[in-house]
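The values are calculated or read from the model by the stated rules, or taken from the named source; none is laboratory data. Computed from a predicted model, the values in this text were never measured in an experiment. Every residue, glycine as well, gets a Cβ built from its backbone with ideal geometry; the counts of neighbours run over all protein chains shown.
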Amino acid sequence: MEIYANRRDEVQKLFKAKEQFHRERARLPIEEKIKILVELQKLAIDIPTASKEKRFKKQKLNSESS
């Protein structure tokens with residue numbers, strides 16, 4: 001049972017840290033929030049997704065058959 005108590009304590013610490021992180025982010029000025037948003041959007045462009053992969057493959061097939 002001690003293992004479960006340790007896990008529960010760890011999970012509680014993680015949730016408290018997450019809550020603190022979000023509180024700190026909420027206090028940021030709007031300009032800083034926009035900078036963060038732009039950086040996240042730049043990162044998201046580089047992340048391959050299934051739909052992007054399918055589109056790329058379709059375009060590649062279409063250009064090869066031309």
Checklist outcome for this item: Of the residues in region 12-46, those that are loosely packed, with under 10 Cβ neighbours inside 10 Å and polar (S, T, N, Q) come to Q41
Item to check | Residues satisfying the stated conditions in region 1-53, i.e. at pLDDT below 85 and outside any loop (DSSP other than H, G, I, E, B) | outcome: E2, I3, Y4, A5, D46, A50, S51, K52, E53
